[in-house]
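Undergrad: Can you read through this structure? Questions will come right after.
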Amino acid sequence: MAEPSTHVIIQGLTTAGKQFRPSDWAERLSGVFSVLGRDHRLNYSPYVKPTSINGIRCVVVDRQLEQFDPRAFRFLMGFAKDNELQVLESDATPLS
């Protein structure tokens, strides 16, 4: 049996191939799971991070979130489904 993927990548492309708007959607979505640090800077969750892959804005979701906070994971997957975004599975953390 194959091991499950380690990350889910929500791409800023719809299933119709159109770019998702607004252009900062990945930062906004990841910001829901961020905290303000002592330095007054935004710190993204280690489980949900915005990035750019091949010029496409994406949110990388660590599959561990599904065990750690199932509701948060379902929220993210629901967001992708409701907005008809492309979702990919990955075994490696994508680089920007």
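Undergrad: Would you be able to say whether some residue in the stretch 62-75 is under 11 Å from the mean Cα position of the chain (by Cα), surrounded by 12 or more Cβ atoms within 10 Å (Cβ to Cβ), among the charged types (D, E, K, R) and over 21 Å from residue 16 (Cα atoms)?
TA: Checked against the condition, which is being under 11 Å from the mean Cα position of the chain (by Cα), surrounded by 12 or more Cβ atoms within 10 Å (Cβ to Cβ), among the charged types (D, E, K, R) and over 21 Å from residue 16 (Cα atoms), the stretch 62-75 yields at least one hit.
Undergrad: Related question: Scan the stretch 53-88 for residues that are part of a strand (DSSP E or B) and of a type in the set (A, V, I, L, M, F, W, C) and jot them down.
TA: Here is the first cut: in the stretch 53-88, the residues part of a strand (DSSP E or B) are 53, 56-62, 85-88.
Those that are part of a strand (DSSP E or B) and of a type in the set (A, V, I, L, M, F, W, C): 53, 56, 58, 59, 60, 61, 85, 87, 88.
Undergrad: Here is a follow-up. Looking at (1) closer than 18 Å to residue 80 by Cα; (2) among the charged types (D, E, K, R); (3) surrounded by fewer than 20 Cβ atoms within 10 Å (Cβ to Cβ), which one does residue 39 not meet, given that it meets all the others?
TA: Exception for residue 39: condition (1).
Undergrad: Scan the stretch 49-70 and report the pairs whose first residue is under 19 Å from residue 14 (Cβ atoms) and whose second residue is of a type in the set (Gly, Ala, Ser) and in a strand (DSSP E or B), with Cβ atoms within less than 6 Å and a gap of 6+ or a chain change.
TA: 56/12; 57/12
Undergrad: Given (1) loosely packed, with under 12 Cβ neighbours inside 10 Å; (2) more than 19 Å from residue 89 (Cβ to Cβ); (3) not β-branched (Val, Ile, Thr), where does residue 25 come up short, assuming only one miss?
TA: Among (1) loosely packed, with under 12 Cβ neighbours inside 10 Å; (2) more than 19 Å from residue 89 (Cβ to Cβ); (3) not β-branched (Val, Ile, Thr), the lone unmet condition for residue 25 is (1).
Undergrad: Restricted to the stretch 39-48, and to residues that are farther than 14 Å from residue 77 by Cα and not in a loop (DSSP other than H, G, I, E, B), which residue is modelled with the lowest pLDDT? Give the derivation first.
TA: Kept after step one, since they are farther than 14 Å from residue 77 by Cα, are these residues of the stretch 39-48: 39-46.
Now drop any that are not not in a loop (DSSP other than H, G, I, E, B), which leaves 42-43.
Values: 42: 88, 43: 94.
By that ranking, first place goes to 42.
The values are calculated or read from the model by the stated rules, or taken from the named source; none is laboratory data. Keep in mind the model is a prediction, meaning the values are calculated, not measured. Cβ atoms come from the backbone with ideal geometry, glycine included; neighbour counts cover every protein chain shown.
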